[in-house]
Amino acid sequence: MQYVALLGRILFSILFLFASIGHFNEKTIQYAASHGVPIPWLLVPFSGILALLGGLSILLGYKARIGAWLIVIFLIPVTLWMHRFWTVENPVEAMIQQTMFYKNTALIGAALLIAYFGSGPLSIDKNCCQK
């Protein structure tokens with residue numbers, strides 16, 4: 001069963017590691033600006049740093065509780081700002097944004113579980129740094 005926790009951490013963190021790369025792309029910054037994100041040239045790369053650090057922390061199981069909080073801090077404003085399905089008039093686009101909104105809320109829930117329970121076995125926290 002210890003491998004289940006490791007696999008879960010890997011699968012969870014992959015999303016944030018790959019997504020973080022795009023946050024340093026001019027197109028992503030422009031997309032955020034089109035959604036009204038203030039100072040997108042600063043906030044979008046900053047959110048990429050949060051996603052990258054949180055994802056790496058969870059993947060490696062090093063300070064995973066802190067990494068999980070970084071993911072929560074990343075996801076809450078992204079979810080509330082970028083996926084406001086209730087403001088979208090096009091029904092297809094509204095459905096896509098609603099799906100993204102609820103996906104992100106599920107990811108917040110998973111990150112909160114990691115923040116509470118930690119990284120589990122087969123992690124740096126468990127195997128080298130436990131007090």
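Taking a ≥ b ≥ c as the square roots of the Cα gyration tensor eigenvalues, with a/c under 1.5 meaning rounded and otherwise prolate when a/b beats b/c, else oblate, which class fits region 20-76?
Working: a/c = 3.57, a/b = 2.24, b/c = 1.60.
Prolate, since a/c reaches 1.5 and a/b exceeds b/c.
If the viscosity is 1.306 mPa s and the temperature 10 °C, what translational diffusion coefficient in µm²/s does Stokes-Einstein give for region 53-131 when Rh comes from Kirkwood over Cα pairs?
Values: Rh = 13.5 Å.
For these conditions, the coefficient is 117 µm²/s.
Using only the alpha-carbon atoms of region 1-100, report the extent along each of the three principal axes, biggest first, to the nearest angstrom.
Computed over region 1-100, the largest-to-smallest principal extents equal 46, 29, 19 Å.
Anything in the chain that counts as a DSSP H helix reaching 18 Å or more along its axis (C-alpha) with Kyte-Doolittle mean of at least 0.0? List them, would you? Kindly include the intermediate steps, with their values, before the conclusion.
Numbers: long enough: 2-22 (32 Å, 1.76); 40-60 (29 Å, 1.97); 64-82 (26 Å, 1.95); 91-117 (39 Å, 0.87).
Once both thresholds are applied, what remains is 2-22, 40-60, 64-82, 91-117.
Highest mean first, how do 70-78, 12-20 rank when packing is the count of other Cβ atoms within 10 Å averaged over residues?
Details: 70-78: 20.2, 12-20: 17.8.
Result, highest mean Cβ count within 10 Å first: 70-78, 12-20.
All of the numbers you see were taken from the coordinates with simple rules; none came from a lab. Being a predicted model, the structure only gives us computed values, none of them experimental. We place every Cβ from the backbone using ideal geometry, glycine too, and count neighbours over all the protein chains shown.
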